[in-house]
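Please treat every number below as a calculation from the coordinates, not as lab data. This is a predicted model, so every value here is computed, not measured. A quick note on method: Cβ atoms are made from the backbone with ideal geometry, for glycine too, and the neighbour counts reach across all protein chains shown.
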Amino acid sequence: MGANMARRLSDCDYRITAVYDAYAPAAAALARELGARHARALAAVTAAADVIFTVVTDDAAQLSVFAEHGDSLLVRAKGKVFVNCATITPKTHVEVGRRSKKRGAMALEGCMASSIPQARQGTLYLMCGGERKCFERVKPVLERLSTALRFVGGPGRAAQVKALVNMVMNANTAALAEGLGLGAALGLDLDMLREVFAQTGAQSQVLKTDGEDMQNRAHECYFSAAHAAKDSTIAWVLGCEAGLHLPLSAATKLQFERLVSLGLGGLDKSGVAELTFKGRHG
């Protein structure tokens, strides 16, 4: 995601000054492609750029790149703007904002409800949270990445909205896998069944993106099952903290966790169908 966002901004005549990745060869290759510096330290990225985008996997990774000691994006960060795009817990986004403000920098949540092709094409759905003045400062850049840009509120709010987006999306994905798996077990024509779904109340965005892949076992990864498990957990915990009973969220969480436990977490989220079709991993 981060690499394709960088490519998109480069195409829009923004200078990509430095790139960093925990897997150095990936950063080195992208740096060569874009004529940027391959930063071997996080502090070097901050030194080279005015606006820094982060796209990481989880809370631990986000906190590590904003560490309060040692190599960190926070080194000499005064006046810089960080746009943090990871799907992580709201409290971690809030904590990163606090750490950034302490160093004289600003942090914005730039939560994405899209995938790799949209990152490359500049058609991301971006939900932003934090201070409004920070959003307005980087809005021209964000508009080059997104065709659906929304400011949803203060610190932590965009992360909450993104958690709910993925909660519903993952539940839809798991339900679709069950519907198609049962259809296959009943001997129904799955092409016909998907057409009926598309023309009735069973229609969903997930049907468009994952239905055929579930049928054909084509699980090339755009959004991994492991990430689906993580994100479903984030939403489920938010529900627990709010005092709500969310049985569908809990069941979805367990399905994706089961897929991960089978060593299939690297499949696309459509891979949850491997648990619902007879003769597969179920």
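Based on Cα atoms of the range 58-104, Rg over Rh with Rh as the Kirkwood radius reads 0.92. Taking Cα centre as origin and charging only the Cβ of basic (Lys, Arg, +1) and acidic (Asp, Glu, -1) residues, the dipole magnitude of the chain rounds to 1240 debye. Its residue count N fixes a reference of 2.2 N^0.38 Å for the chain, and the Cα radius of gyration divided by that reference is 1.06.
For ARG144 and ALA41, FRET efficiency with R0 = 30 Å and r from the beta-carbon atoms, rounded to 0.05? E between ALA41 and ARG144, to the nearest 0.05, is 0.65. Couplings 3J(HN,Hα) for the range 184-199, derived from phi with the Karplus relation 6.51 cos²θ - 1.76 cosθ + 1.60 (θ = phi - 60°), are 5, 5, 7, x, 6, 6, 6, 4, 4, 5, 5, 5, 5, 3, 5, 9 Hz, where x marks Gly and Pro.
Bridge orientation summary for the chain: considering DSSP beta bridges with both residues in this region, about 25 percent are antiparallel. Against the main long axis of the alpha-carbon atoms of the chain, helix 132-145 sits at an angle near 60°. Full extension of the segment from ARG137 to ALA202, taken as 0.36 nm per residue of separation minus the current Cα-Cα distance, would add 19.3 nm. Relative to the longest principal axis of the Cα atoms of the chain, helix 247-261 runs at roughly 80 degrees. Simple point charges give the picture: +1 on the Cβ of Lys and Arg, -1 on the Cβ of Asp and Glu, and for the range 2-154 a dipole about the Cα centre of about 440 debye. Separation of the range 252-282 and the range 34-110, taken as the distance between their Cα centroids, equals 33 angstrom. Evaluated at q = 0.16 Å⁻¹, the base-10 log of the normalised Debye intensity for the range 160-275, with identical point scatterers placed on the Cα atoms, takes the values -0.70. With viscosity set to 0.890 mPa s at 25 °C, what whole-number translational diffusion coefficient in µm²/s follows for the range 1-93 from Stokes-Einstein and a Kirkwood radius over Cα pairs? It diffuses with D of about 182 µm²/s by this estimate.
Just to confirm a number: summing +1 for Lys and Arg and -1 for Asp and Glu over residues other than PHE256 whose beta-carbon lies under 14 angstrom from that of PHE256, what do you get? Combined, the nearby Lys, Arg, Asp and Glu give -2. Principal-axis analysis of the Cα atoms of the chain puts helix 205-216 at an angle of about 60° to the longest axis.
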